[in-house]
1. Restricting to DSSP loop positions (anything but H, G, I, E, B) with no more than 16 other Cβ atoms inside 10 Å of their own Cβ, which GluC sites (Glu not before Pro) remain in region 94-176?
2. Using R₀ = 25 Å, calculate the FRET efficiency as 1/(1 + (r/R₀)^6) where r is the Cβ-Cβ separation of SER162 and ALA53; round to 0.05.
3. List the extent of the Cα atoms of region 47-147 along each of their three principal axes, largest first, rounded to whole Å.
4. Output needed: percent of Cα pairs per 5 Å distance bin for region 53-104, bins running from 0 to the one holding the longest distance.
5. For the chain, state the average projected area of the convex hull of the C-alpha atoms over all orientations, rounded to one decimal in nm².
6. Farthest toward the dipole's positive end in region 50-174, which of SER162, ALA50, HIS72, given Cβ charges of +1 (Lys, Arg) and -1 (Asp, Glu) about the Cα centre?
7. Enumerate the helices in the chain for which the Kyte-Doolittle hydropathy averages 0.0 or more and the C-alpha atoms extend at least 27 Å along the helix's axis, using complete DSSP H runs.
8. Quote to one decimal, in nm, the extra length available between ARG169 and ALA134 on full extension: 0.36 nm per residue of separation minus the C-alpha distance between them.
Amino acid sequence: VLALAAPTDPAWLPCALAHLDEILIDHAHCEKKAASTAVSLLFRYPERRALLAGLSALAREELGHFELVLQHLDARGVRLRHQVPSPYAGDLMAAVRTVEPERLLDTLLCSALIEARSCERMRLLAGALGPPLADLYESLLVSEARHHRTYLELALEVVPESVMRDRLRELAAHEAGVLARIPPVPRFHG
Ligand SMILES: [Fe+2]
Ligand SMILES: [Fe+2]
């Protein structure tokens, strides 16, 4: 079960399907960014032993996804390029508090929500596409659901469960609000 406060706007899927190459390019950037977020937490919290192995494994898996998406881009004859990012991640992370351990908790929970949104949208894409992209998304959405749970478990290393659940609910509502303010664009999170 994903902790999202609102489902994706029905206008998003047709927009994504009409711009599949752009979605795949954005997807490659998202996988790279997911790895980078996990690695940056390794740098920021070296003393948090309970987080290190999980974050490291997650970063490696995200880079594996990145390589997989690159293969699909190659197969379509599409080159990876810079792309204007959606304001989603920046707007979402604006809710992260600045004192510790709240900063760490919020970063982990926002990461959990990003994973959940990716998973939800991969399911939409898998249901609407044929092979080989349907198979790609079918397999990746299982990993992203697991990453969602991993981040929630890591958050429980920081605060008790009741605190985690309350803050997750607040941030999920914030995430839904952020998405509602972005018109449907061909981005994974937009
Ligand atoms: Fe991934
Ligand atoms: Fe992930």
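Values quoted throughout were computed directly from the atomic coordinates according to the rules given, and no laboratory measurement underlies them. This structure is a prediction, so every number in the text was calculated from the model and none was measured. Glycine also receives a Cβ, built like all others from the backbone with ideal geometry; neighbour counts cover every protein chain displayed.
1. Working: sites: GLU102, GLU115, GLU120, GLU138, GLU144, GLU153, GLU157, GLU161, GLU170, GLU175; in loops: GLU157.
For GluC sites (Glu not before Pro) across region 94-176 that sit outside H, G, I, E and B with at most 16 neighbouring Cβ atoms in 10 Å, the list reads GLU157.
2. 0.45
3. Largest first, region 47-147 extends 45, 29, 25 Å along its Cα principal axes.
4. 5, 14, 11, 14, 23, 16, 9, 5, 3, 0
5. Values: hull surface 40.1 nm².
The orientation-averaged projected area of the Cα hull of the chain comes to 10.0 nm².
6. HIS72
7. The qualifying helices are 20-44, 49-75, 102-128.
8. Difference between extended and current length: 9.5 nm.
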